[in-house]
Structures are given as structure tokens and as C-alpha cells.
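Following: one structure in C-alpha cells, then a few remarks.
No value in this document is a laboratory result; all are computed from the given coordinates. Everything quoted here is computed from the prediction, not taken from an experiment. All Cβ positions, glycine included, derive from the backbone under ideal geometry; neighbour counts span all protein chains shown.
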Amino acid sequence: MILPLDIILLIFLVIAAVVALKLRDLLGAAMVFSTYGFLICLIWAEMGAVDVAFTEATVGAGISGALMIATIFKTARKSSD
Amino acid sequence: MMEWIKTTIVPHFNFWIYVVIMMLGLWAAIGKNNLIKKLIGLSIFQTAILLLYVSMGVKEGASIPIVDETMGEAAVDFMAQGGGAAGATAFPINPDLFANPLPHVLMLTAIVVGVATLGVALALCQVIFRDFGTLEEPEILNQIQTIQDDV
Amino acid sequence: MQKLFATIAVIITGAILLNAVEDFPRFGDPHSPPNSGVSGGSVSSSVHYLQNTYLDTRVPNVVTAVLADYRGYDTLFETAVILTAGIAVFAILRVVRRKDEEESTGSEEKACSGEFSTSDSDGEGRHRVVVGTACRVVVPLAQLFGFYIIAHGHPSPGGGFQGGVVLGTSFILLALAGGLGSALGRLREDMYLRLACLGVFIYAGIGLLSLFFRRNFLDYGALSGLLQTGGEEMARSHGIFGVELGVAMTVTSVMFALFANLSTRGELKGGL
Amino acid sequence: MENSIQSYLPLWACLSSLAAVPLILLFRRETFLREAVTILAGIAKLCFVLAMLPIILQGSMIELTLFGGGSDGLVPIAFRVDGLGMVFALVASILWIPTSIYSIGYMRGLKEHSQTRFYVFFAVSLFATLGVAFAGNLLTLYVFYEVLSLSTWPLVTHHQDAEARRGGRSYLVHLLGTSIAFVIPAMIYVWVKSGTLDFGVQAILANTDLSYVQGLALLLAFAFGFSKGALMPLHSWLPGAMVAPTPVSALLHAVAVVKVGVFCIIRTVLNVFGMDLLGGLGIHLVLCWIAAITLVAASLIALTQDNLKRMLAFSTIGQLSYIILGIALLTEHAALGSILHIAMHAFGKITLFFCAGAIFVATGKKQISELNGLGRRMPITFAAFAIGAASVTGLPPMGGFLSKLYLVWGAAEAHQIALLCAFLISSVLNGAYFFPVVYRAFFLPEPEMDAIHADGACCVHGWREAPLLCVLPLAFTAISSILLFFFPSTFYDLASIVLHGGVANP
Amino acid sequence: MSEHLPVIVVLAPLFGAVIVGFFGTRDRHLCFPIALTALALSFVCSIGVVHHVATVGAWDYFVGGWESPHGVGIQLRADGVNSLLLLAIAVVALLALVYSIRQDGEKDAEKSPFFYVLFLLLCVGLFGITITGDAFNVYVLIEITALTSYGLVAIGSSRRSRVAAFQYLVIGTVGASFYLIGVGYLYLAVGSLNMADIRTILAANPEIANSRIIGTALVFILLGVWTKMGLFPLHGWLPNAYSYCPSGSANLMAPLVTKVSVYVMIRILFGVFGLGVITENPGWSDLVVLIAVGSIVAGSVMALTQREIKKMLCCLIVAEVGYMVGGTWLGDAGRWGLTGSMYHILADAMMTSCLFLAAGVFAKQFGATRLEHLSGLFRRSPWAAGAFTLGGLAMIGVPPMCGFFSKFYLIRGAIDSGHWLYIVALLGSSLVNAILFFRIFEIAYFGEVPESSESSEGGCPTRGRHAAWRTAPLLVAAALTLLLGIFNRPVIDLIRGTVVENIDIVSMQE
């Protein structure tokens, strides 16, 4: 556990979450969401949860984003809010 | 004020952030109109819970929960040489040196559950889009109000 | 209206949660209840895991051991959740074509499955030389890495889930680069659905084996006689590995299934 | 008194009519077999009841507990046959047989639809009636009470037209509504208060410290909750239920359903509260007055009715209040009269209903004003009507006289002159609404016959009684009413057993 | 093998699911026999568990053999209450399975194996939740149940079913996550996940038990399970989800999913926090009973306004959930309320199953989905009608159906604890049910048979072939509704054995 890194990452995490929810372009939102996944993966690694970090890297930053982008391609890209 | 921050927020910084992220996610999951946005919110909500759990298992100055093999082997040898079940006590592994593995295990499960839910939800989104031509909840509800049920 | 309601709900829940945060143990406290237990109950399970995992299972990665052995019952159902997701997505989204149609495309895919196809199976014929070449290099590596993760879950981070996802990703990569058809050529639909079921079957079956040795479900120690490992500890270690294989199978196929269905709106034709 | 016998007889007595149900369904195409089964079941039921009679008359009791033997004061389904239950069971099972015969004649005579359904629910309701009679605790009582409400609903709505549905709706709303809203909470409150629901030698609430208000609330909840007893603000279902075919009105609304109501109220008074507790608290007077008002008011309303069955219905409401008032007076003779009146009124009133049905079958007439001169055409029917009317009014030498005598005696014993007057006034009113009918039938000239001629087929001059299967039962019940005056000893003994725990020597 | 019955109950449908998934795609005719075998095995095993519990006592099973120290492995625990619930789940699932024989296969033949897979996995989840003794394990199994439910709702033929499934998914996930937060707070405070172990720790450390963390944990676990069971302010998803899904799935989900959530609440309350939570905080228990009353009232009122049969039944489920939650939180000394709730879980499972099966038969055979369509229907299909009538009477609470006895004990508890409002709501909703059902009976028994429907009946292709398969489970369900009422004593005895005797045993460990 490295406290300064922890704090910085967490603040970035909040920013990423807000951006992902604010973007009206869903594709962008999905990408930011993947970034969010990557950030949180870093946080796990920093906290010593390597297995969780590994899973999050593959699932959160990888598969989730891919699935979401696939869906956005097949549906609508714009969001009203 | 500073004092309060020092005693309340700083030692629990992770927990405060987890609440903030969770509320962001929950707000989006309930309040957003776009279904994909709802799902993003839901995922963020779920990751916030992971943050809660993993934060619980953090120990200051601890390493990752993969035990030192040599220490383990020493205990095994001790037992093999007739030490019996006392091996664990003779060569104790100091639990303070390793992060708590249990929250990690639980959260592996939760991540997997999260991605499974996301997959199903996205499939539903596509079907809804196929049926209604939109992903905005108010429009969908409007259409449901007006159409005859096609059972 | 909805937003107002959401805001109110969020404020209330947030307030309740934050109210309790004050009583939380300090962040990083090694002697907080989850980390070292409290008096009155049994020995804290996490301390027990750290101290005894290696003795019990010969697996240095405590997370793997806890996941697949101590709390293997959870993980069994976690795998079942994955299977459920795959089946549910199929049931919801899949547009089933006629039998003959399916067979004709199936044979077509079989024909092109021998070599790496650079064109979409629906014949758009987009040239993706760069991507294709890169994939030809990356996909085998990714698959190798996936197997490594599965196999090396005992002493290092990793295991069935992570490896399974990586393997699944390799197929997704294939689909992204060469069109879904080329990926489906390697892992056909009925194959991956069966593989997903088989994974859970392997997991639960290994657990069930111990019942025949009059031991409780998922007690891999009972398999020592069967596996000729000498001690129960190594039997547990092997049991964990077998179980991880099952998990990996399910996860691989379901991850690919999810992507295949979602990227084609359930038609399994074309691609993104 | 304390000696009780374990026996399955009460269960068999209950089940014998239920067992007929599958057979009736099986023979739904063979009308003869179907009706034979109904009658055979009735005979079997009567045999079981009669088999228990000597035991009860010796002063013993029959008990049977099903699903018992548990721990901590749960309530089992239990049967317990005592004198009171025996009186009721005897009346119900005796009268089922003539009613079955009568309904064969009636249903065939009118070529009614859905006869199988009719017989099935008839059998089920008899099952429930005996269940109530033999119930060994309040829960069992309630269970069978509800089964009875439901199984008679299809009978009430038998005609399926708008009027029948309306009648059925009001029937259900009253019976189910009151029992759910009042009896369940009252029953459970009793359970909470005393820890048991079993009817025993001692009343359930005898040793509890009920306050006046609690006692009154409970008593009223039971009295109005068992609204089959038709106490006054909740009586309106009974005239409404007269849309049912007459055999239903006869058995169910002269014997089974309404008598179950008063039977339950008597059970409440005797076995839940106990006479001592009620007397000690003084709440019985409230019930007395409600009953008294009901009986006078119902008699007055009956005077104004033109529809024969509606008149009989209001008459029933009044007579039920006799029974309730009798038991609520809490004196020995009043209670005796009250229990006797269950039997006497049943025989009398069922005769009257049979007559009303017979008139309808033979002539299609429902209104009193149309009956002029019919007595000469249907002498047996109207003779029976006269006997029944006399019995219900309380004239000697009919059974009704005996019970009313005891009731009046009891009222005098209790020094309730006002209530005594209520009895007397109401009896006079009974006469006032019954005998004009008899008078019309026998002494007024017949109207022009043209209308009847126009009917064609059935217009034969001279005697024109209803089918034999209708006339026989009503003759039987009329004669029984007279016989009960001369040989009341069985019922009398049973009633004394209820009150004294042994055979009294009069 | 008999010493492994608790785990075989859960495993049989799991193996059934994977075998169906493996072979069913090749030969669809195998699906039904395999599924039937699996559930029949579960049924037999659950009978074994009930027998063991009734004769010997509560049964602990440690998966993986990790018995000591306590809480290292995962513990299964069968007692007088949940063994009966296991049996009820097995019975209802079997009935729903027999009902659904190949009905979903007719339209989308390729998907029918997956219907069975989801069906069996849902059963796995329900069995697992019921028998497990580990707080986190419950979460995983809740998610299995939830995911299969989303799938089963979404395969409905109506467009609305997908929207209903999506709403269900969002709310269901939030609910499950709340439960997970609650478990997290519990773990944070006591450091254990085993229910019995947590109970011991809380009993030994009152200062932990009274801390804000534990309070918050309780609140969130309750919010989670309330969302899952559709208690009043959180019930919005329930009517849509259950009424737009195909009847084959509704028959399984409507009777069981909410009931199992109620059981989770009861289990958490008395197995983890201890009933002191209720008895020592009368203010809170009053509040919850008030919510339950709201649920009863809301459910009844909504049901009155519905003209669709299935939707009406769904609204009634909301009211029934109110009964059970209220009964659990009455907090009377004799624990009659708790007894009543637990009995009502079983009773409600049976009678809801009966009613939904009947509604399914009406819809499939006569196309009758609304009250108007029922006109005269009962004469054309007397058996189904009789069964529906029994179910309706049980819902009203007419003795000797099972619905009456649960109300009997619930009211006893309410009188003991003085919750008069609850009694009024209970009786009022019984009256509303009476109105609802007798309205149906009147229309259906006495209404005119519509002319046009005669032809459509003849033209209905499914009638002859699968009619018996649909009606038979319905009749069984109706008979069980009756029998559970008549033979309520042994059931109540078993429940009370657990409720009264074991509830205060703080520690289940050696």
C-alpha cells in the first residue's frame, strides 16, 4: 500500500467515473469506462490485491469495454443525457 | 474543520471515496434515461463495492497474499520429521506481512458476477433496440403505453 | 422526476453509509476485525488461511487456494453464474436460423478454418493485412499466455478466471481481425456452448468424486488414493488445478459467446 | 360426566356425506343412482349419529383428536360430542333424509339444471354442518363454519341469474366478511387470553380476568361474527338467500346454516364464556336486548311481506333470536327452552318451507295473495302448513309449545318482564302472520280459473297436490312436529345433559 | 451417500443443467427427461433432509470437509424451516417443469434446451440460498437466481417482457449489491462470513453488536432482500416482470423467488443478528410492520384495479410479502408471528403455484388472460376451474386451506405484540381477496360462454396434445394446497421446533 499513489489514483477514479457518466457520446463513455477499469485495476495492484487486479485488467478494462462497444455499434451512439 | 478532516476523512479516505463512487453509480443507475448509461452506472456502482471490500483487507506494509515458499517448506519439513501438526506453530507465518486474501477471493467472484450481469444487460439492450428502435427509457415507456400488447 | 427521486435516494443511502464510516477501523490497520478477527468467535479465517494454506494445499498463492478449495463451493456457483450468463444471452439474443442454413455456413466455415482468413465470411472482403498479420503474431501468444496463467495460478497471480478471460479475448481478437467467421471456424457455436457446460461439469464432477470416498463434497484430499499423490496436500493441489481448468473452459467459451452474440446482434454473421 | 370415550364415530358421521360426493359425481348421468346415493348417505349418517346417541344419553362424551399430540399448546382439529352437539346433529341428520327425498321431487318437478352440482354441494354442506356440531374446539368449529358458508354459496346462486348472483354476493359478503373480520380476531384473542381453544367441562374463559369492555367486545364479535345467526343489523343476507331453490331454503335456511349460527352462539355462551362469567360481568343483557329487538322487529317485518318465502325468512330471523335470547338469559329453563327450540323450530319451519316449495312446484305461485282457496286443492300441503305454523307460533299440541313454554318460564325466572313481553308479543305476531295464510287457503274463494286453465297441462280440477316425493316429506315433518310434543324426552334429556351434566328427572 | 443429502439437493439440478446443455442441443427430446430426473432426485433428497431434521435435528454439512476452525470453509445448514422450504421448492419446481413440457419449444425449438438449462440453474440458486449457512454464498446464489430470472423473463414473446426484464435487472442488481454491502459491513465489523460464527461473535461482544457498522449492515441487507422480494416501496418491478414472462417461467419464479428472499431475511435476522434486533428495538419493528402494512394495502389496492389475471396475482404477491415481512417483525414473545411467516412461506408457495399454473392453463388453452375472457370458462374446463377455486380460497384464507392457518398464527402473534393495524390490514386484505376471487368465480362459473370462443377453442392446436401435462400439475398443486392446510400440524410442529428451541442457541459449534 502506497498512500500518495492511492490518493491520486482514487481522485482520478472519481474523475473517470464522472466523465464516463457525463459524456453524451456513448462510444466515448465506453472508452472512458474502460479507462476507469484500468485505473481501478491499478488501485487493486497498489493495494496488494494482485489476483483481483489481474481479473479487473482482463474483465473490467478488456472484456466489459469490448462488449459495451459492440453493443453501441449495434444500437445507438448518442445519449440524451 | 481541519481537525475533523484529519480524524475522520484521512484514516478512512478509501471508504469515503468508495461511498462517493457508489453514489455516482447508483444515481446513474436509477436516474439516467439511456439504458447504456444506466449500465455504466451500475458497473461503477458494483466496482465501488469491490473498493469497499478490498480496502478492508489492506494491511499497512503488507505484501501480496502469496506466502513465502521457503517458510512454508520449512514447516513442511518440520512436520515430515515428526514435528506433527505443530509445524504451523513452529514456523509461524506472520499474517501481518500479507494482505488479507479473503476479500480478494470474494471480489473475484463479484467481478465475474458483474461482467455476467453486464453481458445479459447488454443483450437485453440490443433486443430492446431491435423492438423499439431506441435506448431512451422515456421513449420506450411511451411506446409501451401506446402500442397494443402483442402477446 | 426520476432524477429527483434518484438524487434523494442517493443522498439518503450515502448519508447512511458515511455515518457508519466513522466507526470503521483505520484504513490499513493490520489488526482490524477482518484482518485478525475479534474475540468470541472462531479463529479469524483470513489468519488461518495465511498460516495454513501452504500446509494444507501446497499452494503458495493463498487467493487461489481459498478460491478453489476453502471456498470452492462459492467458486463453483460463480462458474455457474458465468454459464448462466452465456446461456441467458443466447436465449435472449440469439436469432436462430434454419437447420439447413446453419449447416451450409458451418461447412463453409470449416473449409476456411484451416488457414487464417483475411476476409469476412459474409464476403465484404475488407483487407486487413496489417491487422491480420499482427493478429497472427499476437493471438498465439495470447493463447499461450492464457494457458500459462491457468497453469501458473498456484505460485503466482492468476488462475482459471484470468486465464479463461485471456483465452476468450484471443478468440475475440481473432473475430475483430478476421471477422467473426474465422473465429467461429475455430470455436463453433455448439462447441463453445458444450465447452461451457463441460467446464462446470468438470468442476462439479471433481467435487463429486470425493463423495465416493465417503468424504464431503469438494474435499479434494479424498482423491489422494486416486491420483497416487502420497499425501492429501498434493491431492488438494491437483484438485485445485483440475477445478481451475474447468473454470477456464467455461470462462473462455462464455466470454467468446458473449462477444459473438453481442457483436452480431445474435445472428453470428458478419461482425462489427 | 367426565368420562369420555375415544371413538371415530363422529368422524365417520361427518365423512359419510362427504364420501357420497365422488359417487354422486360418478353417477352424474344416472339420475336414479345419484339420488339413491344421496339418500343412502343420509341414512348412513343418521345411523352413525344414532349409534352415538345412547352413549351421550348415558352422560358420557365422545372425543377424537386428529393431528394432535404436539407440544406447546397448538390447536388440533378435534371432535367432541356432547349433548348440545348431539341435539343439533340429530336434528340435521334426521331432516336430511326427508329433504333429500323432497329435493328429488322438487328438482325433477321443475326440471332444474345442474342437479348434480346441487346434490354435491348439498352433501358437502351436511358434512360441514355435522362438523360444526361435533367440533371439539373453537378452531375446528370455525373451520367447518367456513366450509359451510362456501359450500352453500353455489346452492344459493343455483339459478345463476342476476338476482341469484346478487343474493349470493350479499350472502358471501355477510357470512365471509363477518366471520373473517370478527370471529378470527375474537377467536385468536381468546386463545391468547386463555392459551387454549378446547371446549371442556369448564368454559374457556372461566378463569380469566376479562374486563367488562373486553368481554362485551368479544361477545359481540362472536354474536355478530357468526352472522348465520342473523342478529338484526346483519340479517339481510337471509331474505336475499331465498332466491335459492326451496329445498335449499328448507334445509339450509331452516336447519343447517342458520342453526349453525345460533349453535355457534350457544357454544360461545356456554363453552367459551360460561354462564357464570357472563352473568358476573352482566354483559349477557346486551345480547338479550339485541335479540329481543331482532325478534320483535323481524316479526313485524314478516307481517308486511307478500312473498311467502320472504315471510318465512323473516319469521326465521325472529325464531333464531328466540334461541339466542333464551340462551342469553342465562337461566336454566330459558337455556333448556332455547336448546329445545333448535329442534322444535327446525321441524316446524322445514315443514313450512316444504309447503312453500310444494305450492310452487304444483302451481308456480310465490305470493301469499295468490293462495286464495288453494287449500281445498292441496289439503295435505296446507294441513301440514297449518301444523307447522302452529308449532312455530307455539300452540299446543305442537312441539313448539314446549320450547316456548320453557323460554317464557326462563324469562320469568330471570325477572326480565320486558323480555318476557317480547316473547309474548312476538308469539302473537307469529300467529298474526301465519294464520292469514291458512285462512286464505282454506276459507277464501278461489280466483277465476282462466289463468290456470291457460297453463294447459297441469290444469285438472280437484286435487292437485305436488308430486308424491314432495308431499311425503312434508307430511312426515308435520307429523313429527306433533309427535315431538308428546315424546320430547330424547331432546329434553340431551338438553338437560348440557345444563346439568346428567339426565335430569323432571 | 445418504450423509451428503444436503449438498446433493443443490447439485442434482446443477448437473442436470450442464447435462441438458451438453446433450440437449443435439437431441432436444432428452431435455425434459434429464431435467425431470434431476429435479426428482432433488425432491427425494429433500424428503430425506426433512426426515433427518424431523427425527434427528438440525443438520450441518461442511463443504470440502473444512469443519474446523469454524468459518474457514462453507457450511450448509438444514433445520426445521429450510428443509421444508427445500421440499416446497422441489415440489413447485417439479410441477412447473411438468407444466412447461415442450411448450416453449414449439415456437423457438432451438432455444428450448436453454430454457431447461436456465430453469434448472434457477432451481440451483433457490435450493442453494435456502440451505447455505454462509452470508457471502447467499450473494453468489442470489445472483444465479437473478441472472436466470432475467433470462427467463426476457424470453417472453411480448415486447414488454424485455423492458420488464431490463428494469428487473437494474433493480435486482442494485438490490443484490445492497445485500453485498451489508455483508461487507458485517465482515468489516466481525471478520467472519459464517452465519453461525457471526451470531456467536455478536452475542459475545455487545459493543460490536450495538455499533453503527452493524446497524448499517442490517439496514442494507434488509434493503437488499426487500428489493428482491418486492416489498412495498420497492415493488415496482415485480408485477411487470412476472406477468410478461412466459407462463412456464412464471410458474417457477412467482411462487418461489420472492419466498426465498423472505426466507433469507428470516435467516439473516435470526441466524445472524439474533431476534433481539426485533424485540429490543420496538420502534424499528413498528416501522417495519408499518411498511409491511403498506405493502399489504398497496398490493390489495393494486390488485383490485387490475383486469389481467396474471397481473392481479402478481399484485397479490406484493400483499403476501407484506404478510410475511410483517409477521417476522412482530416480535411477540411466543414467536407466533415468526411461525406464521414461515408457514406462510410454504403455504404461499403452494397456493401461488396453484394459481399461476391455473392462469397458465387458462391462457394457453382458452387464450383467457383478462377477467372478461373468463366468462363461462369454468364450465368448459371444470378441473382447472376447481383447482383455481381451491387456490383462490386458500388465498382468501378459508379453512381448511393452508392460507387460513398461516393467518391464524400471524394474527396470534400480532395480538400478542399489540400490532392492531397489522391485524386490520390482514383481515382487510383477506376481504379484498374474497372480493377479487369471488368476482372471478362469478364471471367464470355463471358468465355466458361467448359464441366466438367456441370456434377458437376448436382451432387451438395445443389443446389436445399437452392439455393433460398442463392440467395434471395444476391438480397436484391444488391438492397440496388443501393437504398442507389439513395436515398443518406436523409442519407447524417442525417449524416451532426450530423457531422456539434453536433460535436462542447462540453457538452452533462444538
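Compared with the dominant principal axis of the Cα atoms in chain C, helix C:72-93 is inclined by about 30°.
Average partner chain C-beta neighbours within 10 Å, per residue of A:14-23?
Numbers: counts 4, 0, 2, 13, 5, 0, 8, 10, 2, 2.
Averaged over the peptide's residues, the number is 5.
Find out how many positive minus negative residues lie around D:R34, taking Lys and Arg as positive, Asp and Glu as negative, among other residues whose Cβ is under 13 Å from that of D:R34. Spelling it out: positives minus negatives among the neighbours equals +2. Could you tell me which residue out of E:V98, E:G156, E:L14 lies farthest along the dipole of chain E toward its positive end? Charges go on the beta carbon: Lys and Arg +1, Asp and Glu -1, centred on the Cα centre. Final value for the positive-end residue is E:G156.
Per residue of E:154-161, other chain Cβ atoms within 10 Å of the residue Cβ number 6 on average.
Note on D:Q367 and D:L472: the model spin-label points, each 7 Å out from Cα along the C-beta direction, lie 3.5 nm apart.
With a cut-off of 8 Å between alpha carbons and a minimum separation of six or more residues, what is the relative contact order of the stretch E:9-156 in percent?
Details: 191 pairs, mean separation 42.0, N = 148.
Averaging sequence separation for qualifying contacts and normalising by length gives 28 percent for the stretch E:9-156.
Restricting attention to chain E, lysine pairs at least eight places apart or on different chains and with alpha-carbon atoms under 21 angstrom apart total 10.
Any idea what the dipole of the protein assembly as shown comes to, in debye rounded to 20, about its Cα centre with Lys/Arg Cβ at +1 and Asp/Glu Cβ at -1?
On the way: 86 positive and 96 negative charges, 824 e Å.
Here the protein assembly as shown has a charge dipole of around 3960 debye.
Near C:D219: Cβ cut-off under 11 Å, other residues only, Lys/Arg at +1 and Asp/Glu at -1. The net charge is 0.
Remind me, relative contact order of chain E in percent, using alpha carbon pairs under 8 angstrom and six or more residues apart?
Details: 882 pairs, mean separation 75.1, N = 510.
15 percent.
Quick check on the stretch A:3-74: take the gyration tensor over C-alpha atoms, sort the square-rooted eigenvalues as a ≥ b ≥ c, and tell me if it's rounded (a/c under 1.5), prolate or oblate. Judged from the Cα gyration tensor, the stretch A:3-74 comes out oblate (a/c at least 1.5, b/c at or above a/b).
Considering only E:A333, E:G376, C:S46, and ranking their Cα positions along the charge dipole of the protein assembly as shown that arises from unit charges at the beta-carbon of Lys, Arg, Asp and Glu, the one farthest toward the positive end is E:G376.
Dipole orientation for the protein assembly as shown: of the candidates A:T55, B:G41, E:T227, E:T227 has the Cα lying most toward the positive pole (charges on Cβ; Lys, Arg +1; Asp, Glu -1).
Using a 10 Å cut-off around each Cβ of peptide C:190-201, what is the average number of partner chain Cβ atoms that fall inside? Don't skip to the answer; put the middle values down first.
Values: counts 2, 0, 0, 7, 6, 1, 3, 10, 3, 1, 7, 7.
Partner-chain Cβ atoms within 10 Å, mean over residues of C:190-201: 4.
Divided by 2.2 N^0.38 Å, where N counts the residues, the Cα radius of gyration of chain E comes to 0.93. In the neighborhood of B:V58, defined by Cβ-to-Cβ distances under 15 Å, what is the net charge if each Lys or Arg adds +1 and each Asp or Glu adds -1? Net local charge, B:V58 excluded: -4. Given their separation in residues at 0.36 nm each and the Cα-Cα distance between them, D:D209 and D:D276 gain 22.8 nm when the chain is fully extended. Could you tell me how many degrees, from 0 to 90 and to the nearest 10, lie between the Cα long axis of helix D:379-393 and the main elongation axis, the longest principal axis, of the Cα atoms of chain D? Computed tilt is about 30 degrees.
Approximating the spin labels as points 7 Å out from Cα along Cα→Cβ, the D:R376-to-C:H31 distance works out to 11.7 nm.
What FRET efficiency comes out for D:I425 versus E:R26 if R0 is 60 angstrom and r is the Cβ-Cβ distance? Round to the nearest 0.05.
Values: r = 89 Å, r/R0 = 1.48.
After rounding, the FRET efficiency stands at 0.10.
Taking the longest Cα principal axis of chain C as reference, the axis of helix C:129-151 is set at about 30 degrees.
For chain D, the relative contact order works out to 16 percent when only alpha carbon pairs closer than 8 Å and six or more residues apart are counted.
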